[in-house]
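As structure tokens, the structure follows; a few thoughts come after it.
The values are calculated or read from the model by the stated rules, or taken from the named source; none is laboratory data. These numbers come from a predicted model, not from an experiment. Because the Cβ atoms are built from the backbone with ideal geometry, glycine has one as well, and the counts that use them run over all protein chains shown. Each accessible area value is taken on the protein alone, full model and side chains, heavy atoms only, with ligands, DNA and RNA left out. Shrake-Rupley method; radii C 1.70, N 1.55, O 1.52, S 1.80 Å.
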Amino acid sequence: MTETAQREVGRARPRKEDAHLITGQTNWTDNISVNGLLHLAILRSPMAHARIERVDVSAALERPGVIAAFSGRDVAEEMGSLPCAWPVAEDTVVPDHPPIAVDEVRYAGDPVAVVVARDRYTASDALEAIEVDYTPLPAVLDIEPALAEDAPPVHSDKGTNRSYNYHATSGDYEAAKAQAEVVLTRRYHQQRLIPTAMEPRAVVVTPLAASGDFTLYSSTQVPHVLRVLLAVTTGIPENKIRVVAPDVGGGFGSKLQVYGEEVITLVLAKRLGRPLKWTESRAEANVATHHGRSQVQDIEVAARRDGTLLGLKVSLLADMGAYLMLLSPGIPVLGASMYPAIYKMRAYDFSCTGVFTNRTPIDAYRGAGRPEATFAIERIMDDLAAELGMDPLELRRHNWIRHEEFPYTTIAGLTYDSGNYEAATDKAIALFDYDKLRAEQADRNHRGDTVRLGIGVSTYTEMCGLAPSRWLGEMRYAAGGWEAANIRVLPTGKVEVITGTSPHGQGHVTSWSQIAADVLGVPFEDVEVMHGDTRLATHGMDTYGSRSLVIGGVAVHEAARKVVDKARKVAAHLLEANEADLEFAEGAFSVKGSPEARKTIQEVAFETFTSHGLPDGMEPSINAEHVLDPDTFSYPHGTHLCAVEVDTETGAVHIRSYVCVDDVGKVVNPLIVEGQLHGGIAQGISQALYEEALYDEEGNLVTGTLADYMVPAAPDLPEFVTDRTETPATSNPLGVKGVGEAGTIASTPAVVNAVVDALRPLGVQDMRMPCTAERVWQALRSAKEASA
Amino acid sequence: MTHISVKVDGTTYEDDVEPRLLLIHYLRDRLGLTGTPIGCDTSNCGTCTVELDGAAVKSCSVLAVQADGSEVTTVQGLARDGEWTALQRAFHERHALQCGYCTPGMIMAARELLREHPHPTPDEVRHGLEGNLCRCTGYQNIVRAVLDVSEQEVTA
Ligand code: FES
Ligand code: FES
């Protein structure tokens, strides 16, 4: 390597992006105001399923300050159907998805009409004046009833609530099962979750009538993908649309969408020739922003008595909600590769059925398919350990891929490049004081203590990157998995990095600066990072699925290397030396053996700016672009251990300690990595103990506000002890693996395993999430009755 | 319309407002002080927290007319001559924010917490911030940041 020694990568840098956020100089989409701005409000269906007989907006139009009002029928032609980009099976049923319902509403919250007014209060007040006649239709709310022969169809033109069947096998599961001494079958439930990014969604569109150009600001994770799909959906040429993602207040997958509201705001701004803003209320966010999880998981594991795993069979029913959103069908299928996790086995059989219900659509949320998969495998590993009378960690150790066996191709066909499950687990055990806690648990059980101790284990792996493009193509995913980075060295030697990733809290500006500063040998402070604007970052694939660092960050690294290579040519000319005789260190080229002959990269940049003395044929620029399409995913892993105390009299669960050791490969910024883990663990714990989207029998969301939907606050969460091991990825030059979803993926099974571990001696074999005090108490009571 | 006179971050404003106008909308839409964001419509999230006559309030549950004759401090009024407050610095150093949407409210709530309990325990910090939700950080670094400031005060 001719680069400078690593000075920045690995350093716990506080973030550059904090300065404007902690002083309130923010640029949230809802902050944007322009002259002549109008406000849009949306009337939503109060019913889960109904035919729209009539929509009358005339009374709304008469209100002072109301500029326009439209029904779905008024605007249907211009808006097209919202796209689904991942129809996983050839015969996937993809229903029409109008941004505003035209003939039928299919979930409570489906948009029915819109009002445009001079201010937001007038717009939302005028919604009351719109008259809609509905004829209620039978609604189907739950996954299994939706598949019944006589179930009312969510989409009458489709005649079935089955969106797709997906089946994949590897090895002969039935043969493996025939050789098994133990076969364990379980059914787990992934409850429906509401993503709840703290910033509700917002869209602002400013049209430029003269040129037919539009700027669309959106609190989106995917400005590039959004632009393509807005063009396809509305017919407005792609190069007439500029999409900007300003500061974005959290996403967690819920903002990777092409939402109806984005299409509506764009089309109506075009129609009215006026700038338009729509801002979601929290009550709207809860019904109108896609939900996550919602699966029924049937899982079967075949093993020998000594714990050796032979085969795994998984059969999922996955709720799609009322429509397919951008990635809906692909989310459970993405999880398909992750059920075998870190374990060796001979056979694997996976099938999944996507099911329509009259509820808010489901799509990617924090981990997207992988938390669901990890939950099921890590739960059944614990159940199997209990069945075999083994320690759950011993069972895992017995089956996992050993350090010396990497690279290893799993039964699901993924090749894990590197990993060290032993090291992470040993470290976690030591930090957790595993044996001591087990002894205390035995003692409490022995004494019949009313407060029981449970220990939960989760040895997870994650699949980061969602690439290569070829693999995505094989999976019928309608986009690539590459990422672009552009580096400009300005005449003064300052550096601009333009990335195709679009952060919303992940700290790309800081991490990408660290990466570029190291390769170029320039100060961290000299690097600016720009993103989230399609006019600036001309192409990209945006931020989701823990892809940013492993693809976008590595692309920055590679673009910087190209800059150095280009600069080397210029430096060789300036130093009158052979390129091969130049060394590059500490940001300067020098001739081997005569270090006084030296040109810094800043000097080289200035030379290309003036270009007075460059020889013919030498390009006067050291700027570079790199578009990276990696060969493979990356696979962080780790061991999470959780101890809970369960009060058997009240059912209350208290997390006593939480320890994790994660291996995310090379760490660019330890501060950011730790922060990402904390947030993820909080979400995973919350799924285990607190959160669930609940509907009444009519299909109305009863957890429609933050007063009803439990988002944990500071007192609801414990201190986390986080540590790490560092096994570099061998599949990219930075050795990074990604981290964004690790905490979420690992923690849910660790917590539920701990709760079940506490209750098993009392006859409770399983707990449905969230493990609220009431549920635990009920489970204990049923167990008592069963044994009486 | 009701006439109000409010001092916000050091500047006095005189305005006629609709009686139903919420303080948060007055700050954001009328004064253009968009540093304080809105996260909910039920006064549960705390992102809109500002100080009204020195006490932390959720500005989505106060009417602009109620602020008549009062002094309001928002996150935008904290830094003086570019110098951050100790809490702002601690949030930065501890990586107590990710997307930053909850941050203005967290900082305003933490100020009140430290005024009431200058030397809180970690549990007291957690309880003191109960009304402010963060979906990114898991709270641990926020708690650390607040504790850092309380310790600084001990030694100072
Ligand atoms: S916006 Fe005020 S508490 Fe949520
Ligand atoms: S930092 Fe994103 S909500 Fe707190």
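Points to keep in mind about this one:
- Being surrounded by fewer than 20 Cβ atoms within 10 Å (Cβ to Cβ), of a type in the set (Ser, Thr, Tyr) and under 25 Å from residue B:116 (Cα atoms) is a property that residue B:73 has.
- In segment B:12-50, the qualifying residues are those that are β-branched (Val, Ile, Thr), more than 7 Å from chain A (Cβ to nearest Cβ) and open to solvent by less than 30 Å² (accessible area, probe 1.4 Å), and the one that is farthest from ligand 2 (Cβ to nearest atom) is B:17.
Yes or no, residue by residue, for (1) of a type in the set (Lys, Arg); (2) open to solvent by less than 10 Å² (accessible area, probe 1.4 Å); (3) in contact with a strand residue (DSSP E or B) (Cβ under 9 Å, 6 or more places away or on another chain); (4) modelled with pLDDT of 95 or more:
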residue	(1), (2), (3), (4)
A:706	no, no, no, yes
A:724	yes, no, yes, yes
A:727	no, no, yes, yes
A:736	no, yes, yes, yes
A:742	no, yes, yes, no
A:753	no, yes, yes, yes
A:758	no, yes, yes, yes
A:775	yes, no, no, yes
A:785	no, no, no, no
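- Given (1) away from ligand 2 (no atom under 16 Å from the Cβ); (2) crowded, with 24+ Cβ neighbours inside 10 Å; (3) over 27 Å from residue A:279 (Cβ atoms), number of the condition residue B:122 does not satisfy: (2)
- Qualifying residue in segment A:209-228 (condition: small (Gly, Ala, Ser), open to solvent by less than 10 Å² (accessible area, probe 1.4 Å) and out of contact with any Gly (no Cβ under 6 Å at 6 or more places or on another chain)): yes
- The requirement of being among the aromatic types (Phe, Trp, Tyr), in a helix (DSSP H, G or I) and either within 14 Å of chain B (Cβ to nearest Cβ) or more than 22 Å from the chain's Cα centre (by Cα) (or both) is fulfilled somewhere in segment A:766-786, by at least one residue.
- Within segment A:43-86, the set of residues being open to solvent by less than 10 Å² (accessible area, probe 1.4 Å), touching an Asp or Glu at 6+ places or on another chain (Cβ under 9 Å) and among the hydrophobic types (A, V, I, L, M, F, W, C) comprises A:48, A:50, A:60.
- Looking across segment B:1-33, just one residue is hydroxyl-bearing (Ser, Thr, Tyr) and either within 9 Å of ligand 1 (Cβ to nearest atom) or in contact with a Gly (Cβ under 8 Å, 6 or more places away or on another chain) (or both), and that is B:5.
- Test for residue B:81: is it surrounded by fewer than 18 Cβ atoms within 10 Å (Cβ to Cβ) and over 15 Å from residue B:8 (Cβ atoms): yes
- Of all residues in segment A:703-739 being acidic (Asp, Glu), closer than 30 Å to residue A:693 by Cα and in a loop (DSSP other than H, G, I, E, B), the one that is farthest from the other protein chains (Cβ to nearest Cβ): A:708
- Enumerated helices (runs of 4 or more DSSP H) restricted to segment A:376-491, each holding at least 1 residues that are in contact (Cβ under 8 Å) with a residue 24 or more places away in the chain, within 30 Å of residue A:602 (Cβ to Cβ) and open to solvent by less than 50 Å² (accessible area, probe 1.4 Å): none
- Any strands (runs of 3 or more DSSP E) falling wholly within segment A:623-695 and containing at least 2 residues that are hydrophobic (A, V, I, L, M, F, W, C), buried (at least 22 other Cβ atoms within 10 Å of the Cβ) and within 14 Å of chain B (Cβ to nearest Cβ): A:653-663
- Screening residue A:119 on (1) within 14 Å of chain B (Cβ to nearest Cβ); (2) crowded, with 17+ Cβ neighbours inside 10 Å shows it passes everything except condition (2).
- Entry remark, segment A:148-188: residues being in a loop (DSSP other than H, G, I, E, B) and either farther than 30 Å from residue A:303 by Cβ or among the polar types (S, T, N, Q) (or both) number 15 in total.
- So residue B:63, is it under 23 Å from residue A:283 (Cα atoms), surrounded by fewer than 21 Cβ atoms within 10 Å (Cβ to Cβ) and touching a Leu at 6+ places or on another chain (Cβ under 8 Å): yes
- Unique match (being hydroxyl-bearing (Ser, Thr, Tyr), more than 14 Å from chain B (Cβ to nearest Cβ) and within 26 Å of residue A:545 (Cα to Cα)) among A:220, A:206, A:215, A:233: A:233
- Counting only helices (runs of 4 or more DSSP H) that sit completely within segment B:51-137, those holding 1 or more residues that are more than 16 Å from ligand 1 (Cβ to nearest atom) and facing another protein chain (nearest Cβ under 9 Å) correspond to B:86-93, B:122-128.
- Considering residues of segment A:575-598 that are among the aliphatic types (A, V, I, L, M) and farther than 24 Å from residue A:516 by Cα only, the residue modelled with the lowest pLDDT: A:597
- Some residue of segment A:76-89 being over 30 Å from residue A:508 (Cα atoms), out of contact with any His (no Cβ under 9 Å at 6 or more places or on another chain) and at pLDDT 95 or above: yes
- Residue within segment B:103-119 that is buried (at least 24 other Cβ atoms within 10 Å of the Cβ) and β-branched (Val, Ile, Thr) present: yes
- Pair list, Cβ under 6 Å, 6 or more apart: segment A:195-220 residue of a type in the set (Asp, Glu), other residue more than 14 Å from ligand 2 (Cβ to nearest atom) and open to solvent by 10 Å² or more (accessible area, probe 1.4 Å): A:213/A:240
- Residues that are within 14 Å of another protein chain (Cβ to nearest Cβ), in contact (Cβ under 8 Å) with a residue 60 or more places away in the chain, crowded, with 24+ Cβ neighbours inside 10 Å and more than 16 Å from ligand 1 (Cβ to nearest atom) do not occur anywhere in segment A:259-273.
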